[in-house]
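Accompanying notes for the structure given below.
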Amino acid sequence: MHPLAQPPWLIVFILLNFLISCAGKGLADMTPDQLLKSIEKNTAPVIVDVRTESEYDSGHVPGAVHLPFYAMWSRHEEIQAKPEDPIVLYCEHGPRAWIGKFALWTGGYKNIVYLDGHMAGWNQQGLPMENRAEKPE
């Protein structure tokens with residue numbers, strides 16, 4: 001397929017991601033070390049894991065709320081954040097978090113950043129994880 005012959009939804013998605021990134025300029029991604037330090041100090045932002053339930057269950061950033069990217073529009077209130085609250089989103093590598101950021105942005109949330117390197121980066125650094133069996137309900 002010719003690079004310019006992409007499905008229209010893909011082109012729209014890429015354009016929207018660019019616009020959202022521009023709207024949030026000045027907000028840098030949070031590094032894993034920064035996030036871990038804020039978790040340890042009990043000053044962590046709202047942390048949202050947008051991966052699948054099985055991915056979340058197998059291991060996630062401590063304290064992360066699970067909200068799959070495809071459910072962000074209909075269930076965003078589950079993250080229990082105000083529109084101005086800082087939110088850190090992550091998936092495994094990035095694309096699903098982009099969709100999550102767009103969904104939250106359209107819902108009025110403005111202080112949204114990504115976890116730099118996402119879960120792959122967190123794992124690569126060997127940082128602590130929590131799984132559903134360990135997380136209190």
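A short reminder: the numbers here are calculations on the coordinates, not readings from a lab. Because the structure is predicted, anything quoted here is derived from the model rather than measured. Here the Cβ is made from the backbone with ideal geometry for all residues, glycine too, and neighbour counts use every protein chain on show.
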A correct Karplus calculation of ³J(HN,Hα) over the range 31-39, with 6.51 cos²θ - 1.76 cosθ + 1.60, θ = phi - 60°, whole Hz and x for Gly and Pro, returns 6, x, 5, 4, 5, 4, 4, 5, 5
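Hey, fewest Cβ within 10 Å first, where do Thr52, Thr106 land in order? Don't skip to the end; give the middle numbers.
Details: Thr52 16, Thr106 13.
Exposure proxy ranking, most exposed first: Thr106, Thr52.
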Taking a ≥ b ≥ c as the square roots of the eigenvalues of the Cα gyration tensor, with a/c under 1.5 meaning rounded and otherwise prolate when a/b exceeds b/c and oblate if not, the range 23-137 is rounded
For Arg96, Arg132, what's the fewest-to-most ordering of other Cβ within 10 Å of each Cβ?
Arg132, Arg96
Exposure proxy ranking, count of Cβ atoms within 10 Å, fewest first, for Phe102, Phe69
Phe102, Phe69
Computed Kirkwood radius, in angstrom, where 1/r is averaged over Cα pairs of the range 39-94:
11.8 Å
Using a basic spin-label model with each label point 7 Å from the Cα along Cα→Cβ, how many nm lie between Arg75 and Asn131?
2.1 nm
Karplus couplings for the range 101-107 from phi (6.51 cos²θ - 1.76 cosθ + 1.60, θ = phi - 60°), rounded to Hz, Gly and Pro as x?
5, 4, 4, 5, 4, 5, x
